Amino acid sequence: MHIASAPVLPASASTWLPPDDALRSELHNEVHARPSARIRLPALIVYVAVLNEGVSRQAECEHLRQLPGQADLTLERMQGNFVRLRLDGLTVKWERHTEFTRYSIIQPLPEYAGLGASEPDLLGCLALPQYWFAQIPGRTVAAIQLAMVNAPLDEATTLMAQAVAWLGGRTVVASLMGSNPSQLAGPLAEPPNRHGYGHPMGHSWALTQFRLQADGFERMLVIAPEGTSQTRAGRIAARLLELETYRLMALRGLPVAKALGPMLAQSEAALVRITAQLENKSASDQELLDTLVALAAGVERATAENNYRFAATQAYHTLVRQRIAELREKAIPGTQTIGEFMQRRLSPAMATVAATGQRLASLSERVARTSDLLRTRVDIATEMQNQQLLEKLTHGQETQLRLQSTVEGLSIAAISYYVISLLLYGGKALKALGVPMNPEMAAGALVPVVLWAVWRTTQRIHARLHTAH
């Protein structure tokens, strides 16, 4: 028995599967598009996020080429929206998003800036020059100095005092991260330490003040015990930095919402006036239509200009809540957790943005309903005018028919007159030829016959016309 040979496939194709979808590799590798960094503690991360509106990849590529040993960096390498550059003693990460681009510089933390220091100078130990940061293309939306140090979490009181001094001595927001609520109870659960701080299930502390320093940066401090893996340190840093970036991006909708407030109030008042005039019939349809069209145009323009911002705000707020949940934080007695602090101050702003978006959408719907009411009134008025016009046309047609009947009667008389005149002339001609007759008497006798004949002929013509139609 002959067995057909299998088709020859390219070396890259699987012999077990149908041909790949064009997007399969891209979609599959999206999960690895922005891998977390591996950070060895103690470490300093200088993070800058800039808005990239109007900033091309080419400009960002040229800026990264200024780094030592990166003169051959190609634009093709940056098409994946993520690049990690390893330099001597530090790592630079570049990540491009829809609205912003992030730059993360990871380097060792010098000894003088460790946990025992009091508000240490971190910019002085940066491995990159000041001008390189200042020349990053775009406008700064977030700038953070994140220090990650090793220290045991047992002596919580001493540890908290050192952390507060490191951050400048002001009130801090702090969380024990890595707690798993589902494992904090039961026979195998370990109790809190003797100071009441944290829980053995937690893996690190995170502290910040959410304040801009004189140098334009925020400061964050992460304290993790010895033995913390580099991958865990990378995940902690990524969550904290993303949390603050998404918070600031979410808040970009708040000024927009506040700026729309007066416009919405004026538009709502104008719509109330239009509705009242429509109800009381105190203005002409044309006047109402012009006012309503202008109002609708303004509302639609505001919707088109700000709909993306409101949608982006909701998306960023969702990411903030996800990052807070990923922290799995537990309160440290005497301090407020990062999630509590952020939500109590972020939630009112997000509620304002959401309410403004709903208010704008509701106003657009109400304008549309008012337009429908005005259109209905105009349609009714137009229908009444058409009905009056039809009545006038009907009356005119009736008058025209009566006039036509009158004209037809006169036409019968005129035709009969001419026919009788012809007969009279014919009778006179016969009399002149010697026929004994009285032409006048003959013509008078034929008048009824001629009238009947003309009338009958007219009726037959009308019947033929009606039959043809």
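The values are calculated or read from the model by the stated rules, or taken from the named source; none is laboratory data. A quick note: this is a predicted structure, and the numbers were derived from the prediction, not measured. Positions of Cβ are backbone-derived with ideal geometry, glycine not excepted, and every protein chain shown enters the neighbour counts. These accessible areas exclude ligands, DNA and RNA; they are computed on the full protein's heavy atoms, side chains included. Shrake-Rupley method; radii C 1.70, N 1.55, O 1.52, S 1.80 Å.
Some observations on this one:
- All positions within the range 138-159 that are part of a loop (DSSP other than H, G, I, E, B) and surrounded by fewer than 19 Cβ atoms within 10 Å (Cβ to Cβ): Pro152, Asp154, Glu155
- Among the residues listed as Ala315, Ala354, Ala302, the single one being open to solvent by 50 Å² or more (accessible area, probe 1.4 Å), free of Cβ contacts under 8 Å to residues at least 60 places away in the same chain, aliphatic (A, V, I, L, M) and assigned to a helix (DSSP H, G or I): Ala315
- Subset of the range 357-392 [loosely packed, with under 11 Cβ neighbours inside 10 Å and of a type in the set (A, V, I, L, M)]: Ile380, Met384, Leu389, Leu390
- Condition met for Ala311 (within 14 Å of Val353 (Cβ to Cβ) and modelled with pLDDT of 85 or more): yes
- Residue within the range 40-55 that is at pLDDT 90 or above, surrounded by fewer than 17 Cβ atoms within 10 Å (Cβ to Cβ), more than 27 Å from Ala206 (Cα to Cα) and within 28 Å of the chain's Cα centre (by Cα) present: yes
- Total residues in the range 258-283, condition open to solvent by less than 60 Å² (accessible area, probe 1.4 Å) and among the hydroxyl-bearing types (Ser, Thr, Tyr): 2
- Condition broken by Val83, with the remaining ones in (1) outside any loop (DSSP other than H, G, I, E, B); (2) of a type outside the set (D, E, K, R); (3) touching a residue at least 24 places away in the same chain (Cβ under 8 Å) satisfied: (3)
- Residue match in the range 228-237 (condition: in a loop (DSSP other than H, G, I, E, B) and under 30 Å from Ser104 (Cβ atoms)): yes
- Of residues in the range 242-257 being open to solvent by less than 10 Å² (accessible area, probe 1.4 Å) and not polar (S, T, N, Q), the one farthest from Leu122 (Cα to Cα): Ala257
- Pairs with Cβ under 9 Å, 6+ apart, first in the range 22-39 and hydroxyl-bearing (Ser, Thr, Tyr) and at pLDDT 70 or above, second open to solvent by 60 Å² or more (accessible area, probe 1.4 Å) and not in a loop (DSSP other than H, G, I, E, B): Ser36/Arg235
- Flag for Ala296 being touching a helix residue (DSSP H, G or I) at 6+ places or on another chain (Cβ under 9 Å) and either open to solvent by less than 50 Å² (accessible area, probe 1.4 Å) or not in a loop (DSSP other than H, G, I, E, B) (or both): yes
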